[in-house]
Amino acid sequence: MRRITVWCLVFACALGLVSTASAARPEVFHFSFDDPAIEADEAAFVSGECGFPVTVDLQGKVVVHVFEGGRALEIDSYNIRGLYTNQANGKSWRLIDSGPDIFYVDGAKVFIAITGRSTTGSGVIGRVVIDLATDEVVFVAGNDRGFYVDAICAALA
């Protein structure tokens, strides 16, 4: 659920940046993953989890649409591809993470619906809905692939 934590922070920051957005025109932000600092952080994280040095080459972006008022608060459209390589033996593993994550209000609660191929978020290729106040998973449909780093470590060992 690492991605959820990161994007909840982005969500909170983005809401703080919204000033006079009209209901018809959302604020739009772009976050590139083709960034040496993000790649270095991800490589350090995965290397620590696997116990051997891993290099990471990420491509893609997240486009965030922040809405003011209404039921939908934010839509984060992911399109990320990554290549993870074990420095010692040259084995590699490819990551694909794509699909929209939707923050929305239902009654007095805020939820996130993680949809698509969320290999770094929920681990489910399908749809997962989480109550953000309680972190409770309230709905799951799809193929649970598990924690993405476990798959990386197994493939690269």
Q) What are the chymotrypsin sites (Phe, Trp or Tyr not before Pro) within segment 86-157 that DSSP puts in a loop, where the Cβ has at most 16 other Cβ atoms within 10 Å? A) Phe147
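Taking the Cβ of each residue in Leu95, Leu83 as the centre, tally the other Cβ atoms inside 10 Å and list the residues starting with the fewest. Can you show the working numbers first?
Values: Leu95 19, Leu83 13.
Ranked by crowding around the Cβ, least crowded first: Leu83, Leu95.
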Q: Mind sorting His65, His30 by how few other Cβ atoms lie within 10 Å of their own Cβ, fewest first?
A: His30, His65
**Q.** Computed label-point distance, nm, for sites Arg71 and Ala44 using a 7 Å Cα→Cβ extension
**A.** 4.2 nm
(Q) For a Förster distance of 22 Å, can you work out the FRET efficiency between the beta-carbons of Asn79 and Ala113, rounded to the nearest 0.05? (A) 0.80
Q | Qualifying trypsin sites (Lys or Arg not before Pro) for segment 53-157 [loop in DSSP, other Cβ within 10 Å: at most 10] | A | Arg71
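Could you give the Stokes-Einstein D for segment 86-157 in µm² per second, using the C-alpha Kirkwood radius, 20 °C, 1.002 mPa s?
Details: Rh = 13.5 Å.
For these conditions, the coefficient is 159 µm²/s.
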**Q.** Pair Arg94, Arg25: separation of 7 Å Cα→Cβ label points (nm)
**A.** 4.0 nm
(Q) Show log10 I(q)/I(0) for segment 28-99 at q = 0.16, 0.18 Å⁻¹, two decimals, from a solvent-free Debye sum over equal Cα scatterers. (A) -0.63, -0.73
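Here, each number is a calculation from the coordinates, and none is a lab measurement. Remember, it's a predicted structure, so these values are computed and weren't measured experimentally. Note that we place each Cβ from the backbone using ideal geometry, even for glycine, and neighbour counts take in every protein chain shown.
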